[in-house]
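Report on the following structure.
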Amino acid sequence: MAEKPLQPSTSRTEPNKDCVLAALGLLFSIFFAMMLLVVFKDCDSGIPVRFRADGNVFNLRRLQARTKTFIAMIRDLLYADDCALLAHSEAEAQQLQCSLASTQRPYASALQSA
């Protein structure tokens with residue numbers, strides 16, 4: 001039984017549109033995350049989360065200790081191209097939104113012209 005010779009495959013030279021859009025989405029996510037770091041660098045609003053880096057995760061008694069615990073302020077949750085700002089009160093939420101809007105203004109004209 002004679003085998004058929006392999007046919008050369010045609011390679012595509014144009015980029016796949018899905019790959020380009022995925023790369024743009026990744027760049028937007030990185031840009032937005034860095035912009036949020038700039039916005040909230042001097043901000044003390046948010047949800048405090050106390051955690052410990054050693055020991056059992058589910059041992060809640062250890063979190064009551066004041067030593068060897070860390071507190072992180074959670075201000076934003078990012079998922080894909082969505083962002084949720086977190087605060088305890090309406091006034092804190094308004095403060096977070098105002099600081100985001102004031103920091104975003106210089107970048108908005110650069111993004112619109114691109």
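Just one residue in the set Ala84, Ala93, Ala80 is of a type in the set (A, V, I, L, M) and either more than 18 Å from the chain's Cα centre (by Cα) or surrounded by 10 or more Cβ atoms within 10 Å (Cβ to Cβ) (or both); that residue is Ala93. Quick check on the range 66-77: of everything there that is of a type in the set (A, V, I, L, M, F, W, C) and exposed (fewer than 10 other Cβ atoms within 10 Å of the Cβ), which residue is farthest from Ser99 (Cα to Cα)? That would be Phe70.
Quick check on this structure: which one of Ser45, Ser29 is on the phi < 0 side of the Ramachandran plot, touching an Asp or Glu at 6+ places or on another chain (Cβ under 6 Å) and touching a residue at least 12 places away in the same chain (Cβ under 8 Å)? Going through Ser45, Ser29 in turn, just one is on the phi < 0 side of the Ramachandran plot, touching an Asp or Glu at 6+ places or on another chain (Cβ under 6 Å) and touching a residue at least 12 places away in the same chain (Cβ under 8 Å): Ser45. The set of residues in the range 50-68 that are in a loop (DSSP other than H, G, I, E, B) and modelled with pLDDT of 75 or more comprises Arg52, Ala53, Asp54, Thr67, Lys68.
Give the residue, chosen from Leu36, Leu26, that is part of a helix (DSSP H, G or I), out of contact with any strand residue (DSSP E or B) (no Cβ under 8 Å at 6 or more places or on another chain) and either modelled with pLDDT of 80 or more or loosely packed, with under 11 Cβ neighbours inside 10 Å (or both).
Leu26
The values are calculated or read from the model by the stated rules, or taken from the named source; none is laboratory data. Keep in mind it's a predicted model, so treat the numbers as computed, not measured. Cβ atoms come from the backbone with ideal geometry, glycine included; neighbour counts cover every protein chain shown.
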